[in-house]
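Comments concern the structure below.
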Amino acid sequence: MPVTILDRLALRATTERATVLFVDLRGYTGLAERVAAAELVPMLDEFFTILAAIVERQGGEVFHVAGDGMLAGFGLKPGLASGAAAAVLCAREMQEAFTTLGARWKARHEQDTGIGVGIHAGEVAVALLGPPGHVTSTLLGDTVNVAARLCARARAGEILFSASVAEALAAAGTDPDQVDGHTDCRRLPAFQVRGRAQPLDIWCVPARERFNL
């Protein structure tokens with residue numbers, strides 16, 4: 001029987017090396033204005049079902065879903081490396097899959113939508129957290145915070161990843177500028193994360209189509 005994260009935690013926190021991915025829906029506020037609240041439920045359910053299936057297919061684990069965003073971790077399963085390549089491939093697949101879903105939403109509700117993705121690699125605490133009766137496994141630490149900040153900066157259709165991800169890709173024999181055989185990854189100016197002392201070198205997989213979201 002496979003060992004799960006909950007088995008490994010054994011009701012305590014563990015420190016792991018992982019790659020963290022945040023994905024967030026752009027244009028959701030406009031969509032919520034146009035669509036009845038009850039109708040949003042099946043739309044978001046389909047959205048998260050698609051994203052979660054991609055995460056699992058790439059060997060990652062979904063840790064948290066809230067509002068219109070998702071947190072996933074890679075490289076946490078026994079025998080796997082940091083998961084950087086899997087996380088970037090997951091992000092690319094998410095962008096491709098959302099193209100179809102977003103087009104369907106646009107045709108029905110006349111609202112542009114897209115997703116932004118942020119990825120960072122480093123040390124995380126894998127922990128059980130929450131009040132009695134609401135305890136869940138989650139990821140905590142600076143690595144998670146940075147991934148969230150990169151996601152917040154990413155525009156619709158973009159994937160932003162940090163130097164630590166680029167280094168992990170290079171160590172695995174993948175050129176950060178040619179992820180998945182594509183040559184459109186761009187190194188951006190250093191990004192100053194709010195509340196963090198040192199700026200980050202970051203890379204961007206640009207959006208194929210720009211939206212004013």
**Complete:** Per-residue Cβ contact counts at 10 Å, fewest first, order Ile54, Ile119, Ile202, Ile159 as Ile54, Ile202, Ile159, Ile119
**Fewest-first sequence of Val117, Val193, Val165 by Cβ atoms within 10 Å of each Cβ** = Val193, Val117, Val165
**Message:** Multiplying the sequence separation of Asp142 and Ala190 by 0.36 nm and subtracting their Cα-Cα distance, what value in nm do you get?
**Reply:** 15.5 nm
**Request:** Please grab the % of Cα pairs in region 11-205 that end up more than 29 Å from each other.
**Result:** 23 percent
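Relative to the Cα centre, what is the charge dipole magnitude of the chain, using +1 at the beta carbon of each Lys and Arg, -1 at the beta carbon of each Asp and Glu, and rounding to the nearest 20 debye?
Working: 20 positive and 24 negative charges, 66 e Å.
The dipole magnitude comes to about 320 debye.
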**Prompt:** What is the spin-label model distance, in nm, from Leu44 to Thr100 if the labels are put 7 Å beyond Cα along the C-beta direction?
**Reply:** 2.4 nm
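Helix-derived [θ] at 222 nm for the chain: sum -39500 (n - 2.57) over DSSP H runs of at least 4, divide by residue count, nearest 500?
Numbers: 6 runs with 80 residues, N = 213.
Helix-only estimate at 222 nm: -12000 deg cm²/dmol.
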**Request:** Net charge near Ala37: determine it from the other residues with C-beta under 14 Å of the C-beta of Ala37, scoring Lys and Arg +1 and Asp and Glu -1.
**Result:** -3
**Asked** Can you sort Leu89, Leu169, Leu188 by how many other beta carbons sit within 10 Å, fewest first?
**Response** Leu188, Leu89, Leu169
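Coordinate-derived values only; no laboratory data. In this text, all values refer to a predicted model and were calculated from it rather than measured experimentally. Backbone-built Cβ (ideal geometry, glycine too); neighbour counts: all protein chains shown.
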